[in-house]
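Undergrad: Got a structure here, written out as structure tokens. Questions coming.
The values are calculated or read from the model by the stated rules, or taken from the named source; none is laboratory data. For clarity, every value in this text was computed on a predicted model and none was experimentally measured. Backbone-built Cβ (ideal geometry, glycine too); neighbour counts: all protein chains shown.
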Amino acid sequence: MSEKKKKTDSKVLQTLKFMFGIMLREKPWFIVIYVIMGLAGAVSSAAGIVIPKFVIDELVAMSDGDIQTHITNAVIWAAAFAAVLVLAAIIAAAGNYVQDILREWFNEYIDLKLAERAMETDFQYTEDPDALDKLNKAKEGMSWYSGGIMGVTDSVYYIFQNTITAVAGAGIIIFTCPWLLPVQLISLALITLFQAKINKIEQASFVELSKFNRIFGYVFWHLADFRFGKDIRLYDSADMMNRKAKFYSDKLIGVWKKESYDERGYQWKMDITNALRDGISYGYIGWLALTGAITIGDLSMCIGAAGTLYFSLNGIIDGIQGIIKKCGYAHRYIEFMDYPAAMPKGNHRVPEGPHVIEFRNVSFRYPRTDKWVLRNINITIKQGEHLSVVGLNGAGKTTFIKLLCRLYDVTEGEILIDGVNIKEYSDEEYRKLFAVVFQDFSLFAFSLRENIAFSDDTKNDPAINEVIGKCGLADDVGKLSDGLGTMIYKSFDENGTELSGGQKQKAAIARALYKNAPVVILDEPTAALDPVAEYDIYRQFDTLVGGKTAVYISHRLSSCKFCDRIAVFADCTIKEYGTHAELADKPGGIYAEMFAAQAQYYVG
């Protein structure tokens, strides 16, 4: 067995184990429904082959006399056939109804698990194109292409049902028209070969489509997203975005066109094979009837058995190929769910009490690049110390924060908390230390209260009112239609509100303060505030942060006066370090030049 075949078999087995594991754990009773539906369908098919033979033979036998008896027998057989069909239809309808319900349930279950996994993956994967492609393949492979859990288990069910039907059809043919069997098997082998080629083409197309789908979806949904309406209109960018959407739409169409072209030859071969199978089968059965080897009823039964056997065997093969194909798609989901962590995880608890943060010879470069962003960073931040981080754009200030929060691991050196490498701590424990407001923070289409507390059970918590008061948001909240319960954005509530940039920033600061973590990190926290609001934030800086350790990034150097130490980043490292008084008077210093350039804004 080739290595490629082994890998394919392994994926199929892993996926089936995964699918049925979920089904047996969550809805085990549905297996019984599958079995009942399969048996009912097989019995119905067998009845459709056999019973018409007896009806026809009874009707033909009327020419021998005793018409009443033969008509009575024919009616009994017909009634039995009708009863079987009605019962099978009732079972199928009930089963399909339950299937439709469970299909939605399992789809939601899978989507929720995928969302949980996406949120749990290391942050650096959110900026990794390969990881984003794998996430997109997981979504599409499990939903669009495989049909999810029900799509795969349906294929197993059809194999089960068709196997029972094929056994019945083969038994009839062996005893009445045996030469039909090799005709059906040879035809089936050819059809299976052609279908396997088509499946291989579709699998290759899926891999190529995934990247284009992600890019096309990004452009297409931004065109339809009202949040981007102002920028699209004011910068007249609709034409550009439409061109991009058309470009990637054409890419998708090109892949589908090539797929259709490559499949066309095999489709023709399948049609020719089916035509030859039908011609040979009907000719053979007709010859048996004309020579008196079989009755007219047997003729009907053989025709039905031949068709049933062929389509049942084809259903089995198609089901097997379908499982291989669907499992190939769905396995992308399993691969993402098992995606290896980008960073090793520890299990130590963070001790109570004061914390000392130390960067020791830390250097860093982002994955997939050789460019150093930080080099040889050495700094110690003591408990309760307020550190201001300044520097020009691209100096590595935000990267410094990402490393401290362990969104990325250092490339060289180490970061220590209380003398212990942060890699030794559990992620959950470690991140409890930090409350962060990044430049690109997000508010969600939840209530303002939920955006601050990230909880739906804080209605009577006085701490929320306290932090919105400290951040200067109380007056704004008082003007909202439902106060803190007002929904942000109008995505799900027509009475939702669109906060101003300054209000959003205050809400983000309130969120950080509400978390009540021992270390507060503010990355450009006043960028969207007016001068008065900015001054109020600075004036209350000690009140806002209190005795907590604080790291404060800002381009407005007046904020540095409120900090104990200042770290000046330049040329990928810390070029200057000291108090505001020390650095502002340093001849030729980077900070002194920056402060002098902004001094006109801080006079008085």
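Undergrad: For the structure I just gave you, tell me whether LYS548 is at pLDDT 80 or above and surrounded by fewer than 16 Cβ atoms within 10 Å (Cβ to Cβ). Give the steps one after another, and end with the answer.
TA: Working: at pLDDT 80 or above: yes; surrounded by fewer than 16 Cβ atoms within 10 Å (Cβ to Cβ): no.
Against the criterion (at pLDDT 80 or above and surrounded by fewer than 16 Cβ atoms within 10 Å (Cβ to Cβ)), LYS548 does not qualify.
Undergrad: Considering ASN347, ASN393, ASN378, ASN314, which residue is polar (S, T, N, Q), over 37 Å from the mean Cα position of the chain (by Cα) and surrounded by fewer than 20 Cβ atoms within 10 Å (Cβ to Cβ)? Break it down into steps so the answer makes sense when it comes.
TA: Values: ASN347 fails: over 37 Å from the mean Cα position of the chain (by Cα); ASN393 fails: over 37 Å from the mean Cα position of the chain (by Cα); ASN314 fails: over 37 Å from the mean Cα position of the chain (by Cα).
Sole residue among the options that is polar (S, T, N, Q), over 37 Å from the mean Cα position of the chain (by Cα) and surrounded by fewer than 20 Cβ atoms within 10 Å (Cβ to Cβ): ASN378.
Undergrad: On to the next question. So which pairs qualify, if the first residue must be in segment 572-595 and under 17 Å from HIS555 (Cα atoms), the second must be part of a helix (DSSP H, G or I) and among the aromatic types (Phe, Trp, Tyr), the Cβ gap must be under 8 Å, and the two must be at least 6 apart or on different chains?
TA: GLU576/TYR591; LEU583/TYR591; LEU583/PHE595; ALA584/TYR591; ALA584/PHE595
Undergrad: While we're looking at this one, here's another question. Based on what the data block shows, is ALA74 over 30 Å from CYS405 (Cβ atoms), surrounded by 18 or more Cβ atoms within 10 Å (Cβ to Cβ) and assigned by TED's automatic domain parsing to the domain that holds THR295? Please lay out each step first, then the result.
TA: On the way: over 30 Å from CYS405 (Cβ atoms): yes; surrounded by 18 or more Cβ atoms within 10 Å (Cβ to Cβ): yes; assigned by TED's automatic domain parsing to the domain that holds THR295: yes.
It is true that ALA74 is over 30 Å from CYS405 (Cβ atoms), surrounded by 18 or more Cβ atoms within 10 Å (Cβ to Cβ) and assigned by TED's automatic domain parsing to the domain that holds THR295.
Undergrad: Shifting gears a bit: If only one of ASN136, ASN73, ASN162 is in contact with an Asp or Glu (Cβ under 6 Å, 6 or more places away or on another chain), more than 19 Å from MET23 (Cα to Cα) and either in a helix (DSSP H, G or I) or of a type in the set (Ser, Thr, Tyr) (or both), which one is it? If you could, list the steps in order and put the result at the bottom.
TA: Details: ASN136 fails: in contact with an Asp or Glu (Cβ under 6 Å, 6 or more places away or on another chain); ASN162 fails: in contact with an Asp or Glu (Cβ under 6 Å, 6 or more places away or on another chain).
After applying the criteria, what remains is ASN73.
Undergrad: Report whether or not TYR109 is assigned to a helix (DSSP H, G or I), under 35 Å from the mean Cα position of the chain (by Cα), of a type in the set (Ser, Thr, Tyr) and more than 21 Å from ASN162 (Cβ to Cβ).
TA: Values: assigned to a helix (DSSP H, G or I): yes; under 35 Å from the mean Cα position of the chain (by Cα): yes; of a type in the set (Ser, Thr, Tyr): yes; more than 21 Å from ASN162 (Cβ to Cβ): yes.
Judged against the criteria, TYR109 is a match.
Undergrad: If we keep just the residues of segment 33-71 that are closer than 17 Å to ASN162 by Cα and among the polar types (S, T, N, Q), which is surrounded by the most Cβ atoms within 10 Å (Cβ to Cβ)?
TA: SER45
Undergrad: Restricting attention to segment 213-253, and to residues there that are among the polar types (S, T, N, Q) and farther than 24 Å from LYS139 by Cα, which single residue is modelled with the highest pLDDT?
TA: Applying the first criterion (among the polar types (S, T, N, Q)) to segment 213-253 yields 213, 237, 242, 249.
Keeping just the survivors that are farther than 24 Å from LYS139 by Cα gives 237, 242.
Values: SER237: 70, ASN242: 77.
Only one residue tops the list, namely ASN242.
Undergrad: Looking only at residues that are over 50 Å from the mean Cα position of the chain (by Cα) and among the acidic types (Asp, Glu) in segment 559-604, which one is modelled with the lowest pLDDT?
TA: ASP585
Undergrad: Which fully enclosed helices (runs of 4 or more DSSP H) of segment 429-496 have 2 or more residues being crowded, with 16+ Cβ neighbours inside 10 Å, in contact with a Phe, Trp or Tyr (Cβ under 9 Å, 6 or more places away or on another chain) and not assigned by TED's automatic domain parsing to the domain that holds ILE417?
TA: Numbers: elements: 448-453, 462-470, 474-479.
Hits in segment 429-496: 448-453, 462-470.
Undergrad: Here is a list of conditions, (1) under 16 Å from the mean Cα position of the chain (by Cα); (2) exposed (fewer than 12 other Cβ atoms within 10 Å of the Cβ); (3) under 30 Å from VAL43 (Cβ atoms), and ILE149 meets all of them except one; can you say which number that is?
TA: (2)
Undergrad: Here is a further query. Does VAL167 count as under 29 Å from GLY41 (Cβ atoms), touching a Cys at 6+ places or on another chain (Cβ under 9 Å) and either part of a helix (DSSP H, G or I) or outside the structural domain of ILE272 (by TED's automatic domain parsing) (or both)? Steps first, please.
TA: Details: under 29 Å from GLY41 (Cβ atoms): yes; touching a Cys at 6+ places or on another chain (Cβ under 9 Å): no; either part of a helix (DSSP H, G or I) or outside the structural domain of ILE272 (by TED's automatic domain parsing) (or both): yes.
No, not satisfied.
Undergrad: So which pairs qualify, if the first residue must be in segment 397-419 and assigned by TED's automatic domain parsing to the domain that holds ILE379, the second must be among the polar types (S, T, N, Q) and modelled with pLDDT under 90, the Cβ gap must be under 8 Å, and the two must be at least 6 apart or on different chains?
TA: Matching pairs, first to second residue: THR398/GLN439; LEU407/GLN124; TYR408/GLN124.
Undergrad: Say we look at segment 98-120 and pick out the residues that are in contact (Cβ under 8 Å) with a residue 40 or more places away in the chain and of a type in the set (D, E, K, R); which of these is surrounded by the fewest Cβ atoms within 10 Å (Cβ to Cβ)?
TA: Ranking the qualifying residues of segment 98-120, first place goes to LYS113.
Undergrad: When you scan segment 395-411, how many residues do you find that are assigned to a helix (DSSP H, G or I) and farther than 23 Å from ALA592 by Cα?
TA: Let us first name the residues in segment 395-411 that are assigned to a helix (DSSP H, G or I), namely 397-404.
Narrowing further to those that are farther than 23 Å from ALA592 by Cα: 399, 401-404.
The qualifying residues number 5.
Undergrad: Determine which member of the set ILE324, ILE317 is assigned by TED's automatic domain parsing to the domain that holds VAL50, β-branched (Val, Ile, Thr) and at pLDDT below 85. Walk me through it before giving the result.
TA: Numbers: ILE324 fails: at pLDDT below 85.
Step by step, each of ILE324, ILE317 is checked, and only ILE317 is assigned by TED's automatic domain parsing to the domain that holds VAL50, β-branched (Val, Ile, Thr) and at pLDDT below 85.
Undergrad: Of the residues GLY286, GLY304, only one is touching a Gly at 6+ places or on another chain (Cβ under 7 Å), in the same structural domain as ILE164 (by TED's automatic domain parsing) and not aliphatic (A, V, I, L, M); which? Spell out how you get there, then give the answer.
TA: Values: GLY286 fails: touching a Gly at 6+ places or on another chain (Cβ under 7 Å).
Going through GLY286, GLY304 in turn, just one is touching a Gly at 6+ places or on another chain (Cβ under 7 Å), in the same structural domain as ILE164 (by TED's automatic domain parsing) and not aliphatic (A, V, I, L, M): GLY304.
Undergrad: Another question, then. Give LYS27, LYS53 a once-over and let me know the one that is modelled with pLDDT under 85 and either within 20 Å of GLU108 (Cβ to Cβ) or of a type in the set (Lys, Arg) (or both). Show your work before the answer.
TA: Details: LYS27 fails: modelled with pLDDT under 85.
Within the list LYS27, LYS53, the selection yields LYS53.
Undergrad: Kindly list, by first and then second residue, each pair from a residue in segment 184-210 that is under 20 Å from TRP144 (Cα atoms) to a residue that is part of a helix (DSSP H, G or I) and hydrophobic (A, V, I, L, M, F, W, C), limited to pairs with Cβ atoms under 6 Å and residues at least 6 apart or on different chains.
TA: Qualifying pairs under 6 Å: SER205/VAL255; GLU208/VAL255; LEU209/VAL255.
Undergrad: Next question. For ASP271, only one of the following conditions fails: (1) surrounded by 13 or more Cβ atoms within 10 Å (Cβ to Cβ); (2) modelled with pLDDT of 75 or more; (3) farther than 19 Å from ALA47 by Cβ. What is its number?
TA: Exception for ASP271: condition (1).
Undergrad: Still on this model: So which residues in segment 243-302 are within 30 Å of PHE206 (Cα to Cα) and among the β-branched types (Val, Ile, Thr), if there are any at all? Please lay out each step first, then the result.
TA: Kept after step one, since they are within 30 Å of PHE206 (Cα to Cα), are these residues of segment 243-302: 243-274.
Hits for segment 243-302 are ILE253, VAL255, ILE272, THR273.
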